[in-house]
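The values are calculated or read from the model by the stated rules, or taken from the named source; none is laboratory data. Note that the coordinates shown come from a computational prediction; the quantities given were computed from them, not determined experimentally. Here the Cβ is made from the backbone with ideal geometry for all residues, glycine too, and neighbour counts use every protein chain on show. Surface areas here come from the heavy atoms of the whole protein model, side chains and all, with no ligands, DNA or RNA. Shrake-Rupley method; radii C 1.70, N 1.55, O 1.52, S 1.80 Å.
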Amino acid sequence: MNCPKCRASLDGSTGVCPACGAPVLDAIVAAKVQEALANQASAEAKQAADAEKASQRALYTKLLETNVREPRDALRAVGPLFLRWLGALAVGWVTFGVLPHFFLFGLIEKSPAGLLCAAHCRGCSGPGRVYSWGYEGSWEAAKGQMGYAFLCAGPGVDPAALSWSEVSGERNAELQPFLMNGFFTWLVEGVVLVLVGAVGLTAWRLVGRGEHLDRQKAELEQKLASLR
């Protein structure tokens, strides 16, 4: 035991420290307090470490159970995987689809909606043309007057030769049969992109799926073993 004041060694034979005169009782009390605090801190650290381990074990156990349930065979996995990507991409399109609708397709002046031009009106044909300009901020009943227009080609109608001002203004009335509704084009774009994206991502994720899941399973089992 050492004196808490001068750190000299105490042998307990006297009531005071031989080096500085500090009472030995104070040194004993101080040492017991320090020991109790150290024990408490150690117990709290162990408890926190055990709680963290338990939380990690629960997480890895859940991930392992999910991994085991995942089908390894491509034929069994393709359906659930496709639906999973379909749902995720559909949510993404509903949330952010207005951006490519206005800006991406407006920039390239083409849209997947052009696939439906032939069915849109008699004599219509694709690929059509996207016109996107400053949104006016007020509702207009006529198609192509609110900052966006999609025009199919048709008899006497050449989208490549028309400016957005003609489509939205002076020739808007006569072009109505060849114009698609903006919401409808957004919907068609979403359906096409979501379906194509889901098919592509599903095919990509199916490559080496069984081997990937088996490697993941081995890693999870190793992590669980290290937490025991």
Lone unmet requirement of (1) open to solvent by 40 Å² or more (accessible area, probe 1.4 Å); (2) farther than 22 Å from residue 59 by Cα; (3) at pLDDT 85 or above for residue 217: (2)
Among the candidates 153, 173, 161, residue that is modelled with pLDDT of 90 or more, crowded, with 16+ Cβ neighbours inside 10 Å and either within 34 Å of the chain's Cα centre (by Cα) or not basic (Lys, Arg) (or both): 153
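Does segment 88-101 contain any residue that is modelled with pLDDT under 80, more than 19 Å from the chain's Cα centre (by Cα) and part of a helix (DSSP H, G or I)? Walk me through how you get there before you give the answer.
Residues of segment 88-101 that are modelled with pLDDT under 80, as a first pass: none.
Checked against the condition, which is being modelled with pLDDT under 80, more than 19 Å from the chain's Cα centre (by Cα) and part of a helix (DSSP H, G or I), segment 88-101 yields no hits at all.
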Contacts under 6 angstrom Cβ, first residue in segment 51-64 being farther than 15 Å from residue 213 by Cα and open to solvent by 80 Å² or more (accessible area, probe 1.4 Å), partner part of a helix (DSSP H, G or I) and not hydrophobic (A, V, I, L, M, F, W, C), 6 or more apart: none
Filtered residue count, segment 186-214, keeping only those that are closer than 30 Å to residue 61 by Cα and not acidic (Asp, Glu): 13
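Here is a yes/no grid of residues against (1) out of contact with any helix residue (DSSP H, G or I) (no Cβ under 8 Å at 6 or more places or on another chain); (2) modelled with pLDDT under 75:
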{"site": "22", "(1), (2)": "yes, yes"}
{"site": "36", "(1), (2)": "yes, no"}
{"site": "46", "(1), (2)": "yes, no"}
{"site": "49", "(1), (2)": "yes, no"}
{"site": "55", "(1), (2)": "yes, no"}
{"site": "63", "(1), (2)": "no, no"}
{"site": "66", "(1), (2)": "yes, no"}
{"site": "74", "(1), (2)": "no, no"}
Filtered residue count, segment 176-206, keeping only those that are assigned to a helix (DSSP H, G or I) and open to solvent by 60 Å² or more (accessible area, probe 1.4 Å): 11
Filtered residue count, segment 153-171, keeping only those that are within 15 Å of residue 110 (Cα to Cα), part of a helix (DSSP H, G or I) and small (Gly, Ala, Ser): 2
